[in-house]
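Since the structure comes first, as structure tokens, the remarks are kept for the end.
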Amino acid sequence: MGVTEVDIVRGGYEAFNRGDIDWMVEHMDPEIVWEDSAKVPDARTYRGVDDVRRYLESFFRHWDEIRYELGEVSEGPDGIVAFVRLVARGRASGASVDASMAHVHELRDGLATRVRVYFDRGAAFEAAGL
């Protein structure tokens, strides 16, 4: 059996947790769009592989420890919802973060085309068509 889109999404979290941004970029469409939740301070939208790469790499500059703990994953007609727990400790402040959120991933031909961040479970399911 071949690699599924859900396998690719799961692999992305594994890659991030080991600091392998190259693996993640290899599985992105060149025109990927990554949208922060509007609830995040200074939320923005990242466009294209280079912009998204810089964004993902910035996590490792600002945090001493950071990982996404993957929970429930659901596949809908409009995307794959991954419920995750972000656990991190700030490099400068030492502050701990423990936040639950959902990422809605859209893929085409095995490449991520769009990722949206949600803090509302219902909104994430709705975005994925569930």
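The values are calculated or read from the model by the stated rules, or taken from the named source; none is laboratory data. The structure displayed is predicted, hence computed values, not measured ones. All Cβ positions, glycine included, derive from the backbone under ideal geometry; neighbour counts span all protein chains shown.
Among the residues of region 45-98, those identified as in a helix (DSSP H, G or I) and touching a helix residue (DSSP H, G or I) at 6+ places or on another chain (Cβ under 6 Å) are Val49, Arg53, Leu56, Glu57. Screening the candidates Glu31, Glu5, Glu72 for the property of being surrounded by 11 or more Cβ atoms within 10 Å (Cβ to Cβ) and within 25 Å of Arg121 (Cα to Cα) yields one hit, Glu5.
Of everything listed in (1) part of a loop (DSSP other than H, G, I, E, B); (2) surrounded by 15 or more Cβ atoms within 10 Å (Cβ to Cβ); (3) at pLDDT 95 or above; (4) small (Gly, Ala, Ser), the single unmet condition for Gly129 is (2). Taking the numbered list (1) within 22 Å of Ala127 (Cβ to Cβ); (2) in contact (Cβ under 8 Å) with a residue 24 or more places away in the chain in turn, Asp42 passes all entries but (2).
If the condition is being surrounded by fewer than 18 Cβ atoms within 10 Å (Cβ to Cβ), in contact with a helix residue (DSSP H, G or I) (Cβ under 9 Å, 6 or more places away or on another chain) and of a type outside the set (A, V, I, L, M), then region 109-119 contributes only Gly110. Here Ser37 meets the list (1) modelled with pLDDT under 95; (2) in a loop (DSSP other than H, G, I, E, B); (3) loosely packed, with under 13 Cβ neighbours inside 10 Å; (4) not aliphatic (A, V, I, L, M) almost entirely, failing just condition (3). When Glu75 is tested against (1) among the charged types (D, E, K, R); (2) within 25 Å of Arg53 (Cβ to Cβ); (3) at pLDDT 95 or above, exactly one condition is not met: (2).
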